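Peer 1: This structure is in structure tokens; I'll ask about it shortly.
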2 protein chains.
Amino acid sequence: MTGSRSREMYEIRPIGRVESSLHDRGAAPKQGFEGAPEAWLVFDPTVAKGMRDLEVGAEIYVFTWLHQAQRDVLVVHPRDDPTNPETGVFSTRSQDRPNPIGLHRVRIVAVDGTRVRVQDLEAFDGTPIVDVKPVLPQGR
Amino acid sequence: MTGSRSREMYEIRPIGRVESSLHDRGAAPKQGFEGAPEAWLVFDPTVAKGMRDLEVGAEIYVFTWLHQAQRDVLVVHPRDDPTNPETGVFSTRSQDRPNPIGLHRVRIVAVDGTRVRVQDLEAFDGTPIVDVKPVLPQGR
């Protein structure tokens, strides 16, 4: 890849924000199924048409932008445990990585206008949401 | 959300690129498990340390940036079929959406330096790769 290519970039713009009782990175569980609370996905009114078909009971992927992550990190000790051997970030779910996209698989428990309540979201309060996709019937 | 908040943006920078026999958007299957070919993930040398632990047999999520997508689209006819009712994009896997992140769950079949060959990747040739994460043992 040439030097000019590696400076290529795109703009990612939040479509909403997480509203959660989790208030700092240290307190958040590593994965949603490890005991994360319910939380609200609060969509920006400008994308209301895009979220109008989200329904209670549906399983979705929520994509967040982990804006407090360190983007210059390429290897980590998994789960912040120094006894785990250093591992390339693309083989881990570390928040610290070149493009800190968070991937969260959650179930919708309530919809109130442009607010969607979900189970087991490990993102903390204020985290930008950048995309939402359905989990397909094949479970993928 | 205030007007100033909705203009917030982040920079997403490719970490590599897809090398595939799929050469245009019309020819690509809608989902990888619908008959997509094998393809190479070609990582930028600057992130080589981050991909060093990717291993043959591992199942991974590949995140792409669908740079040819239309970002002002909020509702679509799913699967480009006009007989399907218009649906909010966050309930579909449409490429056209505010932040066109592609999510691809694939298995690694070969590793050659900073090139990783995977099965069933429906992204077309030249698509920017922005992140890679492991599928967790729980299948999530």
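The values are calculated or read from the model by the stated rules, or taken from the named source; none is laboratory data. The model shown is predicted, which means the values in this text are computed figures rather than measured ones. So basically every Cβ, Gly included, is an ideal-geometry build from the backbone, and we count neighbours across all protein chains shown. These accessible areas exclude ligands, DNA and RNA; they are computed on the full protein's heavy atoms, side chains included. Shrake-Rupley method; radii C 1.70, N 1.55, O 1.52, S 1.80 Å.
Peer 1: Gain in length, residue A:68 to residue A:8, computed as 0.36 nm per residue apart minus the alpha-carbon separation, to one decimal in nm?
Peer 2: Extra length available between residue A:68 and residue A:8 comes to 19.4 nm.
Peer 1: Number of Lys pairs in the protein assembly as shown with C-alpha atoms less than 16 angstrom apart, excluding same-chain neighbours closer than eight positions?
Peer 2: Qualifying lysine pairs in the protein assembly as shown: 4.
Peer 1: With a 1.4 Å probe and all protein chains kept in place, how much accessible area does residue A:76 have, in Å² rounded to the nearest 10?
Peer 2: We get 20 Å² for residue A:76.
Peer 1: So if the hydrodynamic radius of region A:42-140 is defined as the Kirkwood radius over C-alpha pairs, what does Stokes-Einstein give as its diffusion coefficient at 25 °C and 0.890 mPa s, in µm² per second?
Peer 2: Answer, rounded: 163 µm²/s.
Peer 1: Counting C-alpha atoms alone, how compact is region A:35-92: give Rg to one decimal and Dmax as a whole number, in angstrom.
Peer 2: Rg, Dmax (Cα atoms, Å): 17.0, 48.
Peer 1: How much accessible surface area, in Å² rounded to 10, belongs to the heavy atoms of residue A:86 with a 1.4 Å probe?
Peer 2: Counting only protein heavy atoms, residue A:86 exposes about 100 Å² to solvent.
Peer 1: Then there is this: Roughly how crowded by other chains is peptide B:43-49, in terms of the mean Cβ count from those chains within 10 Å of each of its Cβ atoms?
Peer 2: That average works out to 4.
Peer 1: A further question on this structure: In peptide A:69-76, how many Cβ atoms from other protein chains are near each Cβ within 10 Å, on average?
Peer 2: Partner Cβ neighbours, averaged per residue: 2.
Peer 1: In the Gaussian network model of chain A, springs joining C-alpha atoms below 10 Å, which of A:79, A:17, A:71 carries the largest mean-square fluctuation?
Peer 2: For chain A, modelled as a Gaussian network with Cα springs under 10 Å, the answer is A:79.
Peer 1: For the pair residue B:138 and residue B:56, what calculated FRET efficiency results from E = 1/(1 + (r/R0)^6), where r is the Cβ-Cβ distance and R0 = 22 Å, to the nearest 0.05?
Peer 2: With a Förster radius of 22 Å, E is 0.55.
Peer 1: Which of these, B:85, B:45, B:14, has the largest mean-square fluctuation under a Gaussian network model of chain B (Cα springs below 10 Å)?
Peer 2: Judging by the Gaussian network model, the answer is B:85.
Peer 1: Let me ask something else about it. Between residue B:109 and residue B:38, 0.36 nm times their residue separation minus their Cα-Cα distance comes to what?
Peer 2: Here the segment from residue B:109 to residue B:38 would lengthen by 24.7 nm.
Peer 1: Amide H of residue B:117: which non-local residues (sequence gap of 5 or more, or other chain) have their own amide H closer than 5 Å, using H built in the peptide plane?
Peer 2: B:41, B:109, B:110, B:111, B:112
Peer 1: Which value in deg cm²/dmol, rounded to the nearest 500, describes the helix-derived mean residue ellipticity at 222 nm for the protein assembly as shown, given -39,500 (n - 2.57) per DSSP H run of n ≥ 4 and division by the residue count?
Peer 2: The helix contribution divided over the protein assembly as shown gives -1000 deg cm²/dmol.
Peer 1: Turning to a different aspect of this structure: Leaving out ligands, DNA and RNA but keeping every protein chain, what accessible area does residue B:20 have, in Å² rounded to the nearest 10, with a 1.4 Å probe?
Peer 2: 10 Å²
Peer 1: About the Cα centre, and with charges only on the beta carbon of Lys, Arg (+1) and Asp, Glu (-1), how big is the dipole of the protein assembly as shown? Nearest 20 debye, please.
Peer 2: Its charge dipole is roughly 180 debye.
Peer 1: Moving to a separate point now. Along each principal axis of its Cα atoms, how long is the protein assembly as shown end to end? Whole angstroms, biggest number first, please.
Peer 2: Sorted from largest, the Cα extents of the protein assembly as shown read 49, 49, 36 Å.
Peer 1: Further question on the same structure: Using modelled backbone amide H atoms (1.01 Å from N, in-plane), which distant-in-sequence or interchain residues come within less than 5 Å of residue B:38's amide H?
Peer 2: Amide H neighbours of residue B:38: B:120.
Peer 1: Take peptide A:108-117, look around each residue's Cβ out to 10 angstrom, count Cβ atoms belonging to other protein chains, and average those counts.
Peer 2: 0
Peer 1: Among DSSP bridges having both ends in region A:27-108, what percentage is antiparallel? Round to the nearest 5.
Peer 2: In region A:27-108, approximately 100 percent of DSSP beta bridges are antiparallel ones.
Peer 1: Moving on. Using each residue's phi in region A:74-81, evaluate 6.51 cos²θ - 1.76 cosθ + 1.60 at θ = phi - 60° and report the 3J(HN,Hα) Karplus result to the nearest Hz, with x for Gly and Pro.
Peer 2: 10, 9, 9, 8, x, 6, 6, 9
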